[in-house]
1. What do you reckon, is L233 surrounded by 14 or more Cβ atoms within 10 Å (Cβ to Cβ), under 21 Å from T66 (Cβ atoms), in the same structural domain as T140 (by TED's automatic domain parsing) and at pLDDT 95 or above?
2. Does at least one position in region 99-107 carry a residue that is of a type outside the set (G, A, S), at pLDDT below 95 and surrounded by 15 or more Cβ atoms within 10 Å (Cβ to Cβ)?
3. Filter region 138-180 down to residues that are outside any loop (DSSP other than H, G, I, E, B), among the aromatic types (F, W, Y) and in contact with a strand residue (DSSP E or B) (Cβ under 8 Å, 6 or more places away or on another chain), then give me how many there are.
4. Picking from R97, R123, which residue would you name as being of a type in the set (D, E, K, R), more than 30 Å from L203 (Cα to Cα) and assigned to a loop (DSSP other than H, G, I, E, B)?
5. Filter region 161-189 for residues that are more than 22 Å from D67 (Cα to Cα) and not aliphatic (A, V, I, L, M); which is surrounded by the fewest Cβ atoms within 10 Å (Cβ to Cβ)?
6. Only one of these conditions is not met by F142: (1) at pLDDT below 95; (2) among the aromatic types (F, W, Y); (3) more than 18 Å from P277 (Cα to Cα). Which number is it?
7. Is it the case that region 240-253 has a residue that's over 13 Å from M159 (Cα atoms), of a type in the set (F, W, Y) and in a helix (DSSP H, G or I)?
8. Only one residue in K236, K216, K190 is closer than 23 Å to L165 by Cα and free of Cβ contacts under 8 Å to residues at least 12 places away in the same chain. Which one?
Amino acid sequence: MAASPRPLAPRRPREGRVLRATLEYDGGRYRGFQSQVNARTVQGVLYSAATEVFGDSVRLFAAGRTDAGVHALGQVVSVHLDATLPREAAKPLEALRRAWNDLLPFDVHVLSLVPAPATFHARHDADLRVYRYRISRRRTAFGKPYVWWVKDALDAEAMARAAALFVGRHDFASFCENADGHDSTLVEVKEARVFTPESVPDLIVFRITASHFLWKMVRRLTGTLVEVGTGRLSEKDVKSFLETRSGAPAAFTAPPSGLFLEGVTYAGDPPLRLVDPLRPAF
């Protein structure tokens, strides 16, 4: 069983060094990002490897707690270190990144490791999180773990019009699991669009950007858009879900296979680079 991370620290951790790690992972073999007892998680394997590089006092905090089976192209993790570190941790950051990767399983990879301000916290300081969901119009021999193959004919233009309704500040209680367990179900969505890449006509991509997301929110929005694409729901139905809490979208929850945390931005960051619609490939 993978080692569990230490308990959550206060919002501003005690004095020490802080690093910013950006990573990618295939979530197919994991029960989500956050550590769980008797379950294999991304945080668990990251922490187990990190203790060998940075020592037992290392603490890891992610920008997004992705669910079981969900992938990431640009997850951000803050690495909190005590002021006193093992001699091994005094190596250049690129050497530490390579050492960390050497200890990680094949489906988790640290893309970059850079210094961060002492007050940096990957979750609390994030400005925007970007998710994308990939829907395949056809059966695929190679892409099955990374798409949702929808056999029904889909009207991508109708889906795009419905997606535009999500932009702005709305109550997304109809689109999340355990709405009453959230402090608030209000979310400000900056962008929500559906598009078909010119180079990949059999692929439909739903990309959504917001300051934060509710549990299962993106997967239920995606499933609702697919219902619109098939003609089983209308834009009027989508509006009603935003205006009045409904349990109906729970039945439309899309599978985790097509969902990716595309990236996270912080104050002062440049805009995220465009992701090739065929990723993950390399």
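1. On the way: surrounded by 14 or more Cβ atoms within 10 Å (Cβ to Cβ): yes; under 21 Å from T66 (Cβ atoms): no; in the same structural domain as T140 (by TED's automatic domain parsing): yes; at pLDDT 95 or above: yes.
No, not satisfied.
2. Step one: filter region 99-107 for residues of a type outside the set (G, A, S), giving 100-107.
Narrowing further to those that are at pLDDT below 95: none.
No, region 99-107 contains no residue that is of a type outside the set (G, A, S), at pLDDT below 95 and surrounded by 15 or more Cβ atoms within 10 Å (Cβ to Cβ).
3. Quick first cut of region 138-180, residues outside any loop (DSSP other than H, G, I, E, B) only: 144-146, 148-149, 156-164, 168-171, 173-175, 179-180.
Retained after the next criterion (residues that are among the aromatic types (F, W, Y)): 146, 148-149, 175.
Imposing the further condition that a residue be in contact with a strand residue (DSSP E or B) (Cβ under 8 Å, 6 or more places away or on another chain) reduces the set to 146, 148-149.
Counting residues in region 138-180 that are outside any loop (DSSP other than H, G, I, E, B), among the aromatic types (F, W, Y) and in contact with a strand residue (DSSP E or B) (Cβ under 8 Å, 6 or more places away or on another chain) gives 3.
4. On the way: R97 fails: assigned to a loop (DSSP other than H, G, I, E, B).
Testing whether each residue is of a type in the set (D, E, K, R), more than 30 Å from L203 (Cα to Cα) and assigned to a loop (DSSP other than H, G, I, E, B) leaves just R123.
5. The extreme case among them is R169.
6. For F142, the failing item is (3).
7. Yes, that holds for at least one residue.
8. Residue meeting the stated conditions: K236.
The values are calculated or read from the model by the stated rules, or taken from the named source; none is laboratory data. Predicted, not measured: the structure shown is a model, and the values here were computed from it. Note: ideal-geometry Cβ built from the backbone for every residue, glycine included; neighbour counts use all protein chains shown.
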